[in-house]
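See below for the structure under consideration.
A short reminder: the numbers here are calculations on the coordinates, not readings from a lab. What you are looking at is a predicted structure, and each value in this text was computed from that prediction instead of being measured. Cβ: placed from backbone, ideal geometry, glycine included. Neighbour counts: every protein chain shown.
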Amino acid sequence: MKIEEIQIYQLSIPFIRPFQFSNGELCNHDCLIVAVKSEGIIGWGECPVFPIPYYTYETIATASHILKDFLIPQLLGKSIDSLVALNKVFSRVRGHNMAKSCLDAAICDLLARVNSVSLSQFLGGEKKRIQVGVSVSMQDNLIYLLQRIEDYIQQGYQRIKLKIAPNCAIQPLKTIREKYPYLTLMADANSSFSLNDIDLLKALDEFDLLMIEQPLAYDDLLDHAYLQTLIKTPICLDESINNLHDTRVAIALQAGKIINLKPSRVGGISNALQIHDLCQKAGIKLWCGGMLESGIGRATNLHLASLSNFTLPADISATNRYFYEDIIHQVFSLNSSDSTIDVPQGFGIGVDINQKSFNKFVQTCDIYR
Ligand code: OSB
Ligand code: MG
């Protein structure tokens, strides 16, 4: 499969409501979308990187630079017939996982389309519907927060994740727990705590959380390992896991019991598969995280999450959790009976671009051949 042409689009898609977490506030989903062409077929991938380097060090600007000046020139004209071949092309560039991940996703989409199978089938996925939850922004106003959560529960979400920070954790979690004693509830700190907050972190045990996600620094596995010996709540790693090596270290140190696996954060599906298999052997539970993706990235994530070791509910919510208008024709809706979303059928990622909406949100387009 010879890579003949690659297009990069920059988009800004308005969220229904701003997304607040300890790293800041986002009103639009700014992202890059790549289209990779080979033999008349197009594969699509999303780079869900933020304009600001607060979640990962990458930004829209660094990802564009790495794509245009390094990854795309290395890929154009090459014949890529497997994920292994693809990984080899990218391995010389250190880091920049989000930039790598969109090309990786687009080429996986292409490979599946060329082989006339869905991406899920191509990857050996088993599930047809994915158990999902919803990630809820931080809120000062507890009445408003409870309304949001009630609304999501009414829609059928059976797992709620609350964004927390040291000054915004105990009171909201206590309030939610009192109203919903049996709700599957978890919290995501996005690295906002330190070991100085140990009393606060211990106090979270009382809320019977499914897990606490990334309480400590984004690059600190050692302190997470120590913290896990002091608290009962299982620690889930997000920002700390950027590749297979991080995963091996995390397992060796027992730095957490669960991993939130985002293909974009680990440099694409090929790396995600290696992490998936290692975690399966090591007894580490997985779930597929999200980056507030458009329908393109969300479709990729749904296919990946169909693999067998993704056993906990994913951060992949229905389209109407994020956008009034998305860039694909298909709408992802929640099956309210079991809090699942269907894996798209059809070849590749199984969704297609809604050109009218796409054009509305596009800001720049660059073509390389
Ligand atoms: O930490 O998991 C996170 C969104 C953007 C960046 C980081 C995170 C998140 C979410 C939302 O929690 C996940 C989603 O619904 O896509
Ligand atoms: Mg997280």
Requested in this report: Return a whole-number percent for the relative contact order of the chain, with Cα pairs under 8 Å and 6 or more residues apart as the contact set.
Outcome: 23 percent
Query - Centroid-to-centroid separation of the stretch 191-241 and the stretch 293-308 [C-alpha atoms, Å] - result: 27 Å
Query raised in the report: residue 159's amide H: which non-local residues (gap 5+, or another chain) put their own amide H closer than 5 Å, with H modeled 1.01 Å from N in plane and none for Pro or chain starts?
Result: 134
Report task. Write out the cysteines belonging to the chain for which the nearest other cysteine Cβ is not under 4.7 Å, or none if no such cysteine exists. Result -> 27, 31, 108, 168, 236, 279, 288, 365
Report summary line: Most fluctuating of 113, 148, 94 in the GNM of the chain (C-alpha, under 10 Å) is 94
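Give, as a single signed number, the net charge of other residues whose beta carbon lies under 14 Å from the beta carbon of residue 345, with Lys and Arg counted +1 and Asp and Glu -1. Kindly include the intermediate steps, with their values, before the conclusion.
Numbers: positive: 113, 127, 128, 129; negative: 342, 352.
Net charge around residue 345: +2.
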Query - Normalised contact order of the stretch 168-219, rounded percent, pairs of Cα under 8 Å and 6 or more residues apart - result: 48 percent
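Quick check on the stretch 78-172: take the gyration tensor over C-alpha atoms, sort the square-rooted eigenvalues as a ≥ b ≥ c, and tell me if it's rounded (a/c under 1.5), prolate or oblate. It would help to have the intermediate numbers written out before the result.
Values: a/c = 4.49, a/b = 1.98, b/c = 2.27.
Oblate shape, in that a/c is at least 1.5 and b/c is the bigger or equal ratio.
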Query raised in the report: Based on the alpha carbon coordinates of the stretch 185-343, what radius of gyration and maximum Cα-Cα distance (Dmax) apply, in Å?
Result: 16.0, 48
Report task. Treating the angle as unsigned and between 0 and 90°, give the value, to the nearest 10°, between the Cα long axis of helix 97-114 and the longest Cα principal axis of the chain. Result -> 60 degrees
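Considering all projection directions equally, how large on average is the shadow of the alpha-carbon convex hull of the stretch 23-67, in square nanometres?
Values: hull surface 14.6 nm².
About 3.6 nm², averaged over all directions.
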Requested in this report: Please give, to one decimal in nm, the separation of the simple spin-label points placed at residue 280 and residue 359, each 7 Å out from Cα toward the Cβ.
Outcome: 4.4 nm
Report summary line: In this structure, among 127/281; 163/285; 128/281; 68/360; 88/360, pairs with alpha-carbon gaps over 28 Å are 88/360
Query raised in the report: Tell me, what is the FRET efficiency for residue 41 and residue 84 to the nearest 0.05, using R0 = 22 angstrom and their Cβ-Cβ distance as r?
Result: 0.60
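Add +1 for every Lys or Arg and -1 for every Asp or Glu among the other residues with Cβ under 12 Å from the Cβ of residue 189, and state the total. Mind showing how you got there, number by number?
Numbers: positive: 161, 163; negative: 188, 197, 213, 238, 239.
So the environment of residue 189 carries a net charge of -3.
Provide the FRET efficiency to the nearest 0.05 for the residue 206-residue 257 pair, computing r from the beta carbons and using R0 = 22 Å. Walk me through the numbers before you get to the answer.
Details: r = 19 Å, r/R0 = 0.85.
E between residue 206 and residue 257, to the nearest 0.05, is 0.75.
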Query raised in the report: Taking the chain as a Gaussian network, Cα atoms linked when under 10 Å apart, which of 175, 300, 56 shows the biggest mean-square fluctuation?
Result: 175
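Which value in Å does the Kirkwood hydrodynamic radius of the chain take, with 1/r averaged over all unlike C-alpha pairs and then inverted? Please list the in-between numbers first.
Numbers: mean 1/r = 0.0485 Å⁻¹.
Hydrodynamic radius (Kirkwood, Cα only) of the chain equals 20.6 Å.
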Report task. Determine the gain in length on full extension of the stretch residue 245-residue 367; use 0.36 nm per residue of separation and subtract their C-alpha separation, reporting nm with one decimal. Result -> 40.5 nm
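Determine the calculated [θ] at 222 nm for the chain from helices alone, applying -39500 (n - 2.57) to every DSSP H run no shorter than 4 residues and normalising by the residue count; nearest 500 deg cm²/dmol.
-9500 deg cm²/dmol
Assuming R0 = 22 Å, can you tell me the calculated FRET efficiency for the pair residue 324 and residue 141, based on Cβ-Cβ distance, to the nearest 0.05? Kindly include the intermediate steps, with their values, before the conclusion.
On the way: r = 23 Å, r/R0 = 1.06.
So, using R0 = 22 Å, E works out to roughly 0.40.
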**Report entry** Gained length - residue 342 relative to residue 16, 0.36 nm times residue gap less alpha-carbon distance
**Finding:** 115.1 nm
Report task. Would you mind telling me which residue in 345, 154, 280 has the biggest mean-square fluctuation in a Gaussian network model of the chain, where springs connect alpha carbons within a distance under 10 angstrom? Result -> 154
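How would the stretch 306-356 be classified by its alpha-carbon gyration tensor: rounded, prolate or oblate, with rounded meaning a/c under 1.5 and the a/b versus b/c comparison settling the rest?
On the way: a/c = 2.31, a/b = 1.40, b/c = 1.65.
Since a/c reaches 1.5 but b/c is at least a/b, the shape of the stretch 306-356 is classed as oblate.
Between beta-carbons, use under 13 Å as the cut-off and find the net charge around residue 324, counting Lys and Arg +1, Asp and Glu -1.
Numbers: positive: 17, 321, 360; negative: 325, 326.
For residues surrounding residue 324, the net value is +1.
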Report task. May I ask what percent, to the nearest 5, of DSSP beta bridges between residues of the chain are antiparallel? Result -> 60 percent
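Quick check: residue separation of residue 308 and residue 52 times 0.36 nm, minus the Cα distance between them. What number comes out in nm?
88.8 nm
In whole percent, what relative contact order does the stretch 159-300 give with Cα contacts below 8 Å and a gap of six or more residues? Kindly include the intermediate steps, with their values, before the conclusion.
Details: 215 pairs, mean separation 24.1, N = 142.
It comes to 17 percent, rounded to a whole number.
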Report summary line: Computed over the chain: longest principal axis from alpha-carbon atoms vs helix 142-155 long axis, angle to nearest 10 degrees, is 60 degrees
**Report entry** J(HN,Hα) series, the stretch 177-193, from Karplus relation 6.51 cos²θ - 1.76 cosθ + 1.60, nearest Hz, glycine and proline x
**Finding:** 4, 5, 6, 10, x, 10, 5, 6, 10, 9, 10, 10, 8, 6, 6, 8, 9
Query raised in the report: Measuring from label point to label point, each 7 Å out along Cα→Cβ, what is the residue 25 to residue 151 span in nm?
Result: 1.6 nm
